[in-house]
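The values are calculated or read from the model by the stated rules, or taken from the named source; none is laboratory data. Bear in mind that the values here come from a model prediction, so they are computed numbers and not experimental data. Ideal geometry is used to build each Cβ from the backbone, glycine not excepted, and the neighbour counts take in all protein chains shown.
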There are 4 protein chains.
Amino acid sequence: MFIFFKENISCECIERNIEFVSKFNYINFDFGKEKRGIYLLQDVSKEIIQEKISGIDKIIEINKPYKFVSREFKNEDTVINVGDFKIGGGNFQKIGGPCSFENENIFRNIAATLKNFGVNIIRGGAFKPRTSPYFFQGIGENALKVMRKVADELNVKIVSEIVSIDHIDLFNEYVDIIQVGTRNMQNYELLKHLGKLKKPILLKRGLSATVEEFLLSAEYIVSNGNMNVILCERGIRTFEKMTRNTLDVSVIPLVKKISHLPIIVDPSHASGSYDLVEPLALAGVSAGCDGIMVEVHDEPEKALSDGNQSIKFKRFKEMSCKIDKIREVLF
Amino acid sequence: MFIFFKENISCECIERNIEFVSKFNYINFDFGKEKRGIYLLQDVSKEIIQEKISGIDKIIEINKPYKFVSREFKNEDTVINVGDFKIGGGNFQKIGGPCSFENENIFRNIAATLKNFGVNIIRGGAFKPRTSPYFFQGIGENALKVMRKVADELNVKIVSEIVSIDHIDLFNEYVDIIQVGTRNMQNYELLKHLGKLKKPILLKRGLSATVEEFLLSAEYIVSNGNMNVILCERGIRTFEKMTRNTLDVSVIPLVKKISHLPIIVDPSHASGSYDLVEPLALAGVSAGCDGIMVEVHDEPEKALSDGNQSIKFKRFKEMSCKIDKIREVLF
Amino acid sequence: MFIFFKENISCECIERNIEFVSKFNYINFDFGKEKRGIYLLQDVSKEIIQEKISGIDKIIEINKPYKFVSREFKNEDTVINVGDFKIGGGNFQKIGGPCSFENENIFRNIAATLKNFGVNIIRGGAFKPRTSPYFFQGIGENALKVMRKVADELNVKIVSEIVSIDHIDLFNEYVDIIQVGTRNMQNYELLKHLGKLKKPILLKRGLSATVEEFLLSAEYIVSNGNMNVILCERGIRTFEKMTRNTLDVSVIPLVKKISHLPIIVDPSHASGSYDLVEPLALAGVSAGCDGIMVEVHDEPEKALSDGNQSIKFKRFKEMSCKIDKIREVLF
Amino acid sequence: MFIFFKENISCECIERNIEFVSKFNYINFDFGKEKRGIYLLQDVSKEIIQEKISGIDKIIEINKPYKFVSREFKNEDTVINVGDFKIGGGNFQKIGGPCSFENENIFRNIAATLKNFGVNIIRGGAFKPRTSPYFFQGIGENALKVMRKVADELNVKIVSEIVSIDHIDLFNEYVDIIQVGTRNMQNYELLKHLGKLKKPILLKRGLSATVEEFLLSAEYIVSNGNMNVILCERGIRTFEKMTRNTLDVSVIPLVKKISHLPIIVDPSHASGSYDLVEPLALAGVSAGCDGIMVEVHDEPEKALSDGNQSIKFKRFKEMSCKIDKIREVLF
């Protein structure tokens, strides 16, 4: 049962309400004035609630497994602010960059070029969760620091993947969007910790996760207090062997119908092949996604990871131009 | 080993060549003057070939499981002629109509309305392969006859699904494109028979077929002599429960890269839900498909099958308009 | 609504009953005296039924998608008679033989050896549905005739796969159990035709079919009049690359709980690897299956198809011995 | 390149060797006298190795993605010692207990009863990774302490699931086998930390993990120094809706062929249904697994989690007896 407070409720009143529900199993939520209240996880009679809780605006039930991320909780699209840049609610972002951060020069070159193409958010892996312990595991902490420095120089924002709760302070300090990768979509302890931050979280869909499981993972973050979740479809595992994964475009309109969170598409991981990146990106855009995240490298053949799915600058620029044209005629 | 004949090869020369290879395991193919020759399925030394076969233009090996459907066999896009209407090689067709043919009035109304919207090919099921023997199995032969009559009146073409080799003559007489459904994608006996016709075949991808298996099913048709195959992606089975199937848009650029056959998209079966039809159709178009096939009904709630995934006229018209806009800016 | 007739109902009475229901959508079933009656596919009030239909033993509703194959329709296990050999209801059969029939000598040698090991039913493919048109497609009609001759000499029964409704008379004449392969599990026209025969049908589960779809395919056969259906689990498609398919042992106890039909296991196709055949066969036996079907060849390395998953005589004998031991201690 | 040291190599010699390879990318392994050495992750010429490294017993290459867990690295079965109880190499353990620890009385009753049935290792969840944040998340730290106390009283061992690297010291102190659940199979940071312990690790297969990915996750633990890994097949995700997951029995003989690690089966999670537990357990045993782990509860209907897949004492005892009989006749 969701109890929303009136906008003008006083702090004392909120305190008294929370004191009353403290004997129940509850979540106290505060997503700004119009979205403050209490979620009671157990049955309490409406009479008692209305008698004991004051400053109530409305009481609603959300009969879906996911609650805070649902349209029932919040009807208007959530817009995520990454500095001055916005994602969601009609705001589209093209995110690009190398799979892994390799060194400052390579990174600056990629970031600066993409910035020139209108890209405001740069991706770069510092810690890489690899299927084999013998694959390149990323450069680590130092990569984050250098990316931060370059980003500040270029006035772009940084997204990078976290792989351990031990790194939360580090990521909170150095990156602008913290990415949770496919393999950690159900690392619930990590999600709970990220829910305590205010930082935007980019949550990638698990390899064989259903939409419901995907939203429930987002729910772990939002129910802990952080509404700034960007969903990311990056391909699911299917029987197809010619692609690395299979982009599920249906998830875009589906998520938009049932959730207020923005959703972007990662056509690089979805395909694993540079020549499929553009058609998949355009497909995602036409299906209504709020952004794309693409691996870009000036010399993909020399990249330390995922070179085969990285596209070059020229191709990125062309793709970017087509995205703009589609968005112009459709939205 | 593929032996292509010169364009001006004489009939006698062809006959002598075939007489020579008759002791081998071979296929004699004839897809028009520039695509005539012999496919030898067993190893024969090039010396012997060049000595015994005359009028050779070129000899090539195709080291892929699929041969006739590959770009190696035929580099230029195949264009399928359905009467005056074309599919493939830049020609796009919107196909619409009811899931099942119900009665002449309903069908004429749908077909006439769609014709007004610029649709030239109408779909309509006469024989329905249903998971349960107790579901509506289609009206059968009579549906084909009525659809033919209406189509001729309206100057549109008809596509309908075949479910048995017993019906081949019937379909060859009454429909313009013979559809092979998902469940029959690997009904190889049916495919072999359809390879003997000249009629266009619309081959739907199997529920969990890989792209290679899909192309090998097309290969069954083409290697038997019928090049007029239109591939159709209609969603694959995944773990997702909120949609009926999952549209695999990657298959479009993938197929276009390795095969010369056109490929269209069926967003109705792919989603199972009327409100996902448009975004999936647009995604398919942006990914480069050669057409869409959509279930349209004026009263979906009364349809005898698949009502939930059928869209109404107004929605079709809007979607159609968006498709045109995307194609204009992209292609 | 299932209306069962009393055992002593007269033919005239049955005729009158059928005359009455002829205006409805119905199935008249006759599986022997205690299982005769009418299945009404549409709602008719019980009052009218009891007034108009005579000789009623009981009326039941079966609220599952599958009806005739359910335990609700028939509680006791169905026992299939293949000549004097029985499958189901505690009767276990080991079926063995080559993937494809190759020639009389090889076949007789395999069949005779297996007969010595206590095998009564021999498998052998005459028509092979292969993913590629360029793979060996089987020897065809003549294979059936020779297998019949050898089988009669050795007093064994023959199971072989049918791939086309064109071959129904042929199979009805020459084989003892007609196999429907994985790729034809949803070839409903074929299933309907097989439902008109009395011959046992071995129905293999489709590559990605659910248990419900599997039972509904069996329902197509049984609702058309043929109760003699043996289900066969042969592995489903999963993401695993080290095996050809993945044996789903759960389907055995699951099917036994909800259906009266026997179910056997094919560990050869399930694994695609000769050294996994024994452990999978034993797993199936322990899970309660009614038989196994295994590819056996004296020289697997020379087999024209599926050599890698065929086991040799010695291994078959050892496995067979272990199966007997397990069945002795468990059942 | 794996360089194995001679058994009688001196500590100084090892130190010198390690000093030499310190400029390379290497792993120094020590799994007891006969399994000590260096794994060089980069190419170094054999001549240099043989010149600079002393006390070499043998040098081998392992051309598989997984190295330390492969039969090439260690041919004999690994036997895991859990106190006096052994798993692997012919040693079989039946593990039972409640899904979640609920309270001391319930747990002691279950543990004591199972101990009487010959069970030496008791399972019990303290931290539960649940798909929804609103499901019961386990009692936490205190559950571990009470389980430890009860286990010591009854002379049994405890297995419990870890969900965060924050809890490693806690688990190292209180439990005998640390379980890594399905959702954390690719939580590589957690695996690396567990590789630093000596404690046995029970690693569950991911929901849609291939066997190669499963072994590579084990490789993360073993390559960090901990050979005590027990693999656990607990069902994979398939399209089947009648079971929670699908037990993949093939993985048992497959893993035994390519790896020296023991593998057990969890039929409770594999099926999600109490009446499938026994047939699946028996199937696993017949396929050659080294143990089973089963959810047992005296009052499943009152269990705080997974009641539907828990079996009662009587059923456990009967199943246990059947397992013994099968193992007697087969092994």
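For the range C:79-91, state whether one or more residues are on the phi < 0 side of the Ramachandran plot, within 14 Å of chain B (Cβ to nearest Cβ), under 24 Å from the mean Cα position of the chain (by Cα) and in a strand (DSSP E or B). The answer is no; no qualifying residue exists. Within the range C:124-142, residues that are under 18 Å from C:GLY97 (Cβ atoms) sit with their Cβ atoms under 6 Å from residues that are at pLDDT below 90, at 6+ positions apart or across chains, in these pairs: C:PHE136/C:LEU304; C:PHE136/C:SER305.
Looking at the range D:310-327 only, could you name the residues that are of a type outside the set (A, V, I, L, M), within 26 Å of D:ASP77 (Cα to Cα) and surrounded by 16 or more Cβ atoms within 10 Å (Cβ to Cβ)? Result: D:SER320, D:LYS322, D:LYS325. Taking the conditions (1) closer than 18 Å to D:MET227 by Cα; (2) small (Gly, Ala, Ser); (3) over 29 Å from the mean Cα position of the chain (by Cα) in turn, D:GLY55 satisfies each one other than (1).
Which is within 15 Å of the chain's Cα centre (by Cα) and within 14 Å of chain C (Cβ to nearest Cβ), of B:LEU216, B:LEU202? Unique residue meeting the criteria: B:LEU216. Within the range D:287-309, does at least one residue satisfy the condition of being of a type in the set (Ser, Thr, Tyr) and crowded, with 23+ Cβ neighbours inside 10 Å? No, that holds for no residue. Every listed requirement among (1) within 12 Å of another protein chain (Cβ to nearest Cβ); (2) surrounded by fewer than 24 Cβ atoms within 10 Å (Cβ to Cβ) is met by A:ILE252 save one, (2). Would you be able to say whether some residue in the range C:201-216 is more than 26 Å from D:LYS241 (Cβ to Cβ) and touching a Ser or Thr at 6+ places or on another chain (Cβ under 7 Å)? Among the residues of the range C:201-216, not one is more than 26 Å from D:LYS241 (Cβ to Cβ) and touching a Ser or Thr at 6+ places or on another chain (Cβ under 7 Å), which makes the answer no. If the condition is being farther than 14 Å from C:ASN224 by Cα and under 25 Å from the mean Cα position of the chain (by Cα), then the range C:1-34 contributes C:PHE2, C:GLY32, C:LYS33, C:GLU34. Of the residues contained in the range B:239-255, none is found to be touching a Phe, Trp or Tyr at 6+ places or on another chain (Cβ under 9 Å), free of Cβ contacts under 8 Å to residues at least 40 places away in the same chain, of a type in the set (Lys, Arg) and farther than 14 Å from B:VAL69 by Cβ. Looking across the range D:281-303, the residues that are away from every other protein chain (no Cβ under 14 Å) and either more than 17 Å from D:LEU247 (Cβ to Cβ) or of a type outside the set (D, E, K, R) (or both) come down to D:GLY291, D:MET293, D:VAL294, D:VAL296, D:HIS297, D:ASP298, D:GLU299, D:PRO300, D:GLU301, D:LYS302, D:ALA303. Just a yes or no: is a residue in the range A:259-277 in contact (Cβ under 8 Å) with a residue 24 or more places away in the chain, of a type in the set (Asp, Glu) and either closer than 26 Å to B:LEU330 by Cβ or in a helix (DSSP H, G or I) (or both)? Yes - at least one qualifying residue is present in the range A:259-277. crowded, with 21+ Cβ neighbours inside 10 Å, at pLDDT 95 or above and in the same structural domain as A:HIS269 (by TED's automatic domain parsing), is that true of A:ASN187? Yes; evaluated as a whole, the condition is true for this residue. Would you confirm whether any residue within the range C:296-303 is modelled with pLDDT of 95 or more, in contact with a helix residue (DSSP H, G or I) (Cβ under 8 Å, 6 or more places away or on another chain) and not small (Gly, Ala, Ser)? Looking through the range C:296-303, at least one residue is modelled with pLDDT of 95 or more, in contact with a helix residue (DSSP H, G or I) (Cβ under 8 Å, 6 or more places away or on another chain) and not small (Gly, Ala, Ser).
One residue is enough: does the range B:149-162 have a residue meeting the conditions free of Cβ contacts under 8 Å to residues at least 60 places away in the same chain, over 26 Å from B:SER208 (Cα atoms), among the hydroxyl-bearing types (Ser, Thr, Tyr) and in contact with a strand residue (DSSP E or B) (Cβ under 8 Å, 6 or more places away or on another chain)? No - not one qualifying residue is present in the range B:149-162.
Does C:GLY125 meet the test of being crowded, with 23+ Cβ neighbours inside 10 Å, in the same structural domain as C:ASP266 (by TED's automatic domain parsing) and touching a Pro at 6+ places or on another chain (Cβ under 9 Å)? Answer is yes for this residue.
Would you mention how many residues in the range D:73-89 are hydrophobic (A, V, I, L, M, F, W, C) and under 17 Å from D:ASP152 (Cα atoms)?
Narrowing the range D:73-89 to residues hydrophobic (A, V, I, L, M, F, W, C): D:73, D:79-80, D:82, D:85, D:87.
Retained after the next criterion (residues that are under 17 Å from D:ASP152 (Cα atoms)): D:82, D:85.
Number satisfying all stated conditions: 2.
Filtering the range A:36-68 to residues that are under 27 Å from A:SER217 (Cα atoms), in contact (Cβ under 8 Å) with a residue 40 or more places away in the chain and of a type outside the set (Asp, Glu) leaves A:TYR39, A:VAL44, A:LYS58, A:ILE59, A:ILE60, A:ILE62, A:LYS64, A:PRO65, A:TYR66, A:LYS67, A:PHE68.
Within the bounds of the range D:304-317, is there any residue that is out of contact with any Phe, Trp or Tyr (no Cβ under 7 Å at 6 or more places or on another chain), within 22 Å of D:SER250 (Cα to Cα) and more than 7 Å from every other protein chain (Cβ to nearest Cβ)? No, there is no match, as no residue in the range D:304-317 is out of contact with any Phe, Trp or Tyr (no Cβ under 7 Å at 6 or more places or on another chain), within 22 Å of D:SER250 (Cα to Cα) and more than 7 Å from every other protein chain (Cβ to nearest Cβ). Are any of the residues in the range C:217-227 outside any loop (DSSP other than H, G, I, E, B), among the polar types (S, T, N, Q), out of contact with any Ser or Thr (no Cβ under 6 Å at 6 or more places or on another chain) and under 29 Å from C:LEU41 (Cβ atoms)? Among the residues of the range C:217-227, at least one is outside any loop (DSSP other than H, G, I, E, B), among the polar types (S, T, N, Q), out of contact with any Ser or Thr (no Cβ under 6 Å at 6 or more places or on another chain) and under 29 Å from C:LEU41 (Cβ atoms), which makes the answer yes.
Scanning the range C:285-331 for residues that are out of contact with any Gly (no Cβ under 9 Å at 6 or more places or on another chain), within 12 Å of C:VAL265 (Cβ to Cβ) and among the small types (Gly, Ala, Ser) gives C:ALA287, C:GLY288.
One residue alone among B:VAL119, B:VAL156, B:VAL163 is crowded, with 16+ Cβ neighbours inside 10 Å and touching an Asp or Glu at 6+ places or on another chain (Cβ under 6 Å), and that residue is B:VAL163.
Being modelled with pLDDT of 95 or more and either within 14 Å of chain C (Cβ to nearest Cβ) or crowded, with 22+ Cβ neighbours inside 10 Å (or both) is not true of B:ILE106.
Say we look at the range B:228-249 and pick out the residues that are facing chain A (nearest Cβ under 8 Å), β-branched (Val, Ile, Thr) and outside any loop (DSSP other than H, G, I, E, B); which of these is nearest to B:PHE31 (Cα to Cα)? The qualifying residue nearest to B:PHE31 (Cα to Cα) is B:ILE236. Of the residues making up the range B:278-304, those that are aliphatic (A, V, I, L, M) and part of a strand (DSSP E or B) are B:ILE292, B:MET293, B:VAL294, B:VAL296. Can you say whether D:SER22 is more than 29 Å from D:VAL255 (Cα to Cα), surrounded by 10 or more Cβ atoms within 10 Å (Cβ to Cβ) and among the polar types (S, T, N, Q), as far as the supplied structure shows? Taking the combined requirement at face value, the residue does not satisfy it. Screening the candidates C:GLY32, C:GLY55 for the property of being under 20 Å from C:GLY88 (Cβ atoms) and either surrounded by 14 or more Cβ atoms within 10 Å (Cβ to Cβ) or out of contact with any helix residue (DSSP H, G or I) (no Cβ under 7 Å at 6 or more places or on another chain) (or both) yields one hit, C:GLY32.
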